[in-house]
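*Asks:* Quick one: structure below, then a few questions.
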Amino acid sequence: MPPFKKNISRRKFIDLGVQGSTAIGLSLPIIATTGCNSQNIKTTHGACYHDCPDTCSWTATAVDNKITEFRASQDNPYTNGKLCAKMNNFPNDVTFHPDRILTPLKRVGKKGSGEFEPISWKQAMNEVAVRLKKTLAKEGGEAVLPYSYAGTEGLVQRNSISGRFFAHIGASKLERTICGNAAVAGVMTTNGQTTGVLPEDIIHSRYIILWGTNPVTSNQHLWPLIQQAREDGAKLVVIDPYQSATAVEADWHIQPTPGTDTALALAMINVIIAEDLQDQDYVDQYTVGIKELKKHVEQYDIEAVSKITGLKEETIQTLAREYASASPALIRVLIGMEHQLNGGSAFSAVAMLPSLTGAWRHFGGGLMHMTYELFGQALNWERLELEKTIANQDIRSISMIQIGRALNDSSLSPAINALFVYNSNPAVIAPNQNLVVKGLEREDLMTVVLDHFITDTARYADYVFPATSQLEHWDLLTSWGQTYLNINEPTIPPVGEAKPNTEFFRLLANEMSFTEDYLYESDLSILKKTLETDHEYLNGVTFDTLRKNGWVKLNIPDQWMPHAKGNFKTSSGKCEFYNASNEPPIPEYRPKAYSREELSTFPLKLLTIKSTKNFLNSSHANVKELMDKEGQPVLDIHPEDAKLREIVDGAEVKAYNKNGEVLLTAKVRSKVNQGVVSMPQGYWSSLVKGGSTANALTSDLLTDKGRGGALQEARVEVTLLT
Ligand code: SF4
């Protein structure tokens, strides 16, 4: 029995669930009377739930449960009155979209056909529980796999009650590592923490390197701050194998061969040490391993690395010199370069640069990465991670990146017989798409999906349950890209028969006759308990104050300079250039080895990137207006590669490899180097010609650190479609 105890009945917990709280109107609506018509008017604060570093704040107003106003917070300085194109029309694009699922559905056609019929909640829950009980009795808990990720960043709806439910039944654990884990593991190896320079402080930087990140598209509220720094004299350098929307705006775009970032960073270190440009005092006081690093980088001279990266020697040399000489110098990384076998090492190597040059000493200088650790310190995280105390530590883990392998692995014991998908769409977002779909087609697999729409994954479900949207449930939102905490209060009751994810799992627990109190805690209780903290970052913040304003900025020192005097969170307390217990002790450039046959059959390196302006991952990619704005997916191909294949701009082409094929329209332009092609992620297979999208071609290999997804380790050939 876990430690969570409460003197409250199970029934009471259900009544206090978010359904109940909305219905009983914890936020008493303002009643306005106009003539003889009375109207219920309610205005609430909320925040964007997407897997985006910006976590924008908003307010929404409903009159008689119809949203009449939905707009970005005008007073949150980071949101600054703007949402992005993905979210401007959110109430119509999701909450009230005509295709939204409003009742539970049961499959009546073949898996994948998308043929369902409505079924009552009671009947559907009963049928799911009967099948689940059978699986648990016959195969044990590990035959059940939850599959969820960042479809919402909300702490309550993401994995609170569901996490407890799956821990309780002893389900297989899911390694949720597809995005960010390799990057974090890499930076942690060097610095012991990821929180470096905070976004607002970029205005003080005078030399900014955006390394594998594209804020114009995917970190839109950072971009104006970068612009401000440039107005004050900062130089903007973008390192990206793709000429992104940000690269077009940069003072200098450096375009290395994809997957060579580790070598490039080590070559910069080589130049800096060779030319004595390091901050020796900082190195002496706050780092370990300079001797070993110096020796190690000798092999990464500019001549050798020029061949690896495809960059001119003088490009590498100038970049290193300029970076080491400018002040304050900032490197901004997010996740861009992690999706390669060598991805974790790339982040480790890049993270060494600010310590080598002493950039951390200067306000606006250092490394800017994630901010989530600040919330981890500030909030009462134990409540959210209760599942960890419930779970049997010996339960097996399955990588979300290798879901296709797991569903098709006949040697897996027990086989996965029940799959619960929520906050995710593995048929689109997981690599090796055709293998994933083959697994989802298994007749002996019970697949249950909670979502707003019949996604590409839901098409294979046995049961689909309607989930609430962000305007219909409570939540609490931290951020991994800035320092504002947001509350999300429901503006309207659930539309149709939709229920929050939490309520689904409370109901399922009840149907399974489980009696543990922790399975029935209400959303508001989880939210309030998470705010019970005496940490200085949330000094004076209560549920009531947060609810009144909607957001609060963490109370962190104005001049946040975490490593000005070392203070690294490594075991040595210093920035670790070398650590004998790491494998390897210093990052190495270790590219994937391809056979000669692979290189000749599939000569083009594939980049699959988040370049869409109107979708986020696979969210919104089914909304016609947004699809129309985005257009059909295109393949960027270099003019020389196109010429070789007699491909002209606008031609219909097929990109293929051993995993699958994708049909696209060719864009012949120099957005990529020769030998590289690029296509966007996020499109739904069911809505594009050919029925496959980027992940039909990507790799399900894991990265060197963090067990992230080495999606970009893919090669293809491209031909004209005849
Ligand atoms: S997707 Fe990002 S930029 Fe767009 S509204 Fe949401 S948090 Fe803001």
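The values are calculated or read from the model by the stated rules, or taken from the named source; none is laboratory data. Owing to the predicted nature of the structure, the values given are computational and were not obtained by experimental measurement. A quick note on method: Cβ atoms are made from the backbone with ideal geometry, for glycine too, and the neighbour counts reach across all protein chains shown. Areas reflect the complete protein model, heavy atoms only, side chains present, ligands, DNA and RNA absent. Shrake-Rupley method; radii C 1.70, N 1.55, O 1.52, S 1.80 Å.
*Asks:* Report yes if Leu626 is under 26 Å from the mean Cα position of the chain (by Cα), crowded, with 16+ Cβ neighbours inside 10 Å and within 16 Å of the ligand (Cβ to nearest atom), otherwise no.
*Replies:* On the way: under 26 Å from the mean Cα position of the chain (by Cα): yes; crowded, with 16+ Cβ neighbours inside 10 Å: yes; within 16 Å of the ligand (Cβ to nearest atom): yes.
So Leu626 passes the test.
*Asks:* If you scan segment 593-623, which residues turn out to be farther than 24 Å from Thr457 by Cα, touching a residue at least 60 places away in the same chain (Cβ under 8 Å) and assigned to a loop (DSSP other than H, G, I, E, B)?
*Replies:* Passing the criteria: Tyr594, Phe602, Pro603.
*Asks:* So which residues in segment 56-96 are among the charged types (D, E, K, R) and open to solvent by 30 Å² or more (accessible area, probe 1.4 Å)?
*Replies:* Pass one, segment 56-96, residues among the charged types (D, E, K, R): 64, 66, 69, 71, 75, 82, 86, 93.
Once the filter is applied, which keeps residues that are among the charged types (D, E, K, R) and open to solvent by 30 Å² or more (accessible area, probe 1.4 Å), segment 56-96 yields Asp64, Lys66, Glu69, Arg71, Asp75, Lys82.
*Asks:* Okay, moving on. Show me the strands (runs of 3 or more DSSP E) found entirely inside segment 218-335 where at least 2 residues are buried (at least 24 other Cβ atoms within 10 Å of the Cβ) and not aromatic (Phe, Trp, Tyr).
*Replies:* Numbers: elements: 235-239, 252-254, 329-333.
Once the strands (runs of 3 or more DSSP E) in segment 218-335 are filtered for at least 2 residues that are buried (at least 24 other Cβ atoms within 10 Å of the Cβ) and not aromatic (Phe, Trp, Tyr), what remains is 235-239, 329-333.
*Asks:* Within segment 441-551, considering only helices (runs of 4 or more DSSP H) that don't extend past its boundaries, which have at least 2 residues that are under 20 Å from Trp381 (Cα atoms) and in contact with a Ser or Thr (Cβ under 7 Å, 6 or more places away or on another chain)? Spell out how you get there, then give the answer.
*Replies:* Values: elements: 501-511, 523-530, 543-549.
The helices (runs of 4 or more DSSP H) meeting that bar are 501-511, 523-530.
*Asks:* Exactly one of these conditions fails for Val187: (1) within 23 Å of Lys553 (Cβ to Cβ); (2) under 21 Å from the mean Cα position of the chain (by Cα); (3) outside any loop (DSSP other than H, G, I, E, B). Give me its number.
*Replies:* Exception for Val187: condition (1).
*Asks:* Does segment 472-520 hold any residues that are open to solvent by less than 10 Å² (accessible area, probe 1.4 Å) and within 30 Å of Thr213 (Cβ to Cβ), and which are they?
*Replies:* Asp475, Leu476, Leu477, Ser479, Gly481, Gln482, Thr483, Tyr484, Leu485, Asn486, Ile487, Asn488
*Asks:* Would you check which residues across segment 47-66 are under 26 Å from Ser424 (Cβ atoms) and away from the ligand (no atom under 11 Å from the Cβ) and list them? Give the steps one after another, and end with the answer.
*Replies:* Our first condition is that a residue be under 26 Å from Ser424 (Cβ atoms); within segment 47-66, this holds for 47-58, 60.
Passing the criteria: only Ala60.
*Asks:* Mind listing whichever residues of segment 576-623 are open to solvent by less than 50 Å² (accessible area, probe 1.4 Å), touching a Pro at 6+ places or on another chain (Cβ under 8 Å) and over 27 Å from Leu697 (Cβ atoms)?
*Replies:* Residue satisfying the conditions is Asn579 alone.
*Asks:* Do you know which residues across segment 644-685 are open to solvent by 60 Å² or more (accessible area, probe 1.4 Å), touching a residue at least 60 places away in the same chain (Cβ under 8 Å) and either under 28 Å from Gly112 (Cα atoms) or within 26 Å of the chain's Cα centre (by Cα) (or both)? Steps first, please.
*Replies:* We begin by selecting, within segment 644-685, every residue open to solvent by 60 Å² or more (accessible area, probe 1.4 Å); these are 644, 646, 648-649, 652, 656, 658, 661, 667, 669-670, 674.
The next check asks that each one be touching a residue at least 60 places away in the same chain (Cβ under 8 Å); those that pass are 646, 652, 656, 670.
Residues satisfying the conditions are Glu652, Tyr656.
*Asks:* Looking at Ser120, Ser172, Ser160 in this structure, which one is without any contact (Cβ under 8 Å) to a residue 60 or more places away in the chain and among the hydroxyl-bearing types (Ser, Thr, Tyr)? Let's see the steps before the verdict.
*Replies:* Numbers: Ser172 fails: without any contact (Cβ under 8 Å) to a residue 60 or more places away in the chain; Ser160 fails: without any contact (Cβ under 8 Å) to a residue 60 or more places away in the chain.
Going through Ser120, Ser172, Ser160 in turn, the sole match is Ser120.
*Asks:* Still on this model: Does at least one position in segment 56-64 carry a residue that is in a loop (DSSP other than H, G, I, E, B) and small (Gly, Ala, Ser)?
*Replies:* We begin by selecting, within segment 56-64, every residue in a loop (DSSP other than H, G, I, E, B); these are 56, 64.
Subset that is small (Gly, Ala, Ser): none.
The answer is no, given that none of the residues of segment 56-64 is in a loop (DSSP other than H, G, I, E, B) and small (Gly, Ala, Ser).
*Asks:* As an exercise: evaluate Tyr242 against (1) within 16 Å of the ligand (Cβ to nearest atom); (2) out of contact with any helix residue (DSSP H, G or I) (no Cβ under 9 Å at 6 or more places or on another chain) and give the number of the one condition it does not meet.
*Replies:* (1)
*Asks:* Which pairs turn up if I take residues in segment 393-413 that are open to solvent by 90 Å² or more (accessible area, probe 1.4 Å) and look for partners that are not aromatic (Phe, Trp, Tyr) with beta carbon separation below 7 Å, at least 6 apart in sequence or on another chain?
*Replies:* Arg405/Leu435; Arg405/Asp700
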